[in-house]
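Okay, so here's the structure we're looking at.
The values are calculated or read from the model by the stated rules, or taken from the named source; none is laboratory data. If you're wondering where the values come from, they're calculated on a predicted model, not measured in any experiment. A quick note on method: Cβ atoms are made from the backbone with ideal geometry, for glycine too, and the neighbour counts reach across all protein chains shown. To get the accessible areas, we keep the full protein, side chains included, count just its heavy atoms, and leave off ligands, DNA and RNA. Shrake-Rupley method; radii C 1.70, N 1.55, O 1.52, S 1.80 Å.
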Amino acid sequence: MNRSESKYFATAARMDEAFLELLEKKDFAYITVKEICEKAGVNRSTFYLHYETVNDLLTESARYVIDKLIANMPQDTADFFEKLQTRPLEELHLITPEYLRPYLNFIKEHRRIFRTAVNHSSVLGMDDAYLALNRHVFKPILDRFYIPPSKQQYIMLFYINGLMGIINEWLKEDCKDSVEHIISVMQICIPHHQP
């Protein structure tokens, strides 16, 4: 990466941070390009060099936060997903505190951006993210449990929509319930059954 590319990305990161700080103080609908530029220390033309609209910045900021989430995940998470085909079945149950706690803590810490992202989910292309998760994570797990392919799509939609419903409600309440409470709710809704 040359110096001008580095400067370009550094400026984009400053605008992401400024936007996220503004989201902590006010609703997405009331954030202006002028405010973002003032907080980031850039001019309007620089903003429009990077983005067409504030929605574009929302999309990038959500990706920025998700990248930070992935960077903060325990190192063995990648190892877990690489070894889906050989792990013992009891290790394939993902509704456990050790898998949920890092995600939920991060969501709670960045609740404003996640709440905004949920309210503007079409901007983020979440359907594509769910398809990728289904193909690379959930389908191999369901295959290991011998769930027929004709049922897998329905089961995953049930799990994803149910878990997202819990998270969305938690976000609406400004994450006032503890992470441990939310984990316990998820575990009641999706109990650990051996096939």
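In the context of the full set of protein chains, segment 23-72 has a per residue accessible area of 61 Å² (1.4 Å probe).
Counted by Cβ distance under 12 Å from D16, the other residues give a net charge of -1, where Lys and Arg count +1 and Asp and Glu count -1.
Between E109 and K26, the simple label model (points 7 Å from Cα in the Cβ direction) yields a spacing of 2.7 nm.
Using 29 Å as the Cα-Cα cut-off, could you pick out the over-long pairs in K39/K68; K39/K108; K26/K139? With Cα atoms farther than 29 Å apart: K26/K139. The distance between label points at K34 and N55 comes to 2.3 nm (points 7 Å beyond Cα on the Cα→Cβ vector).
Once the C-beta distance of F145 and D174 is scaled by a Förster radius of 41 Å, the resulting FRET efficiency is 0.70 to the nearest 0.05.
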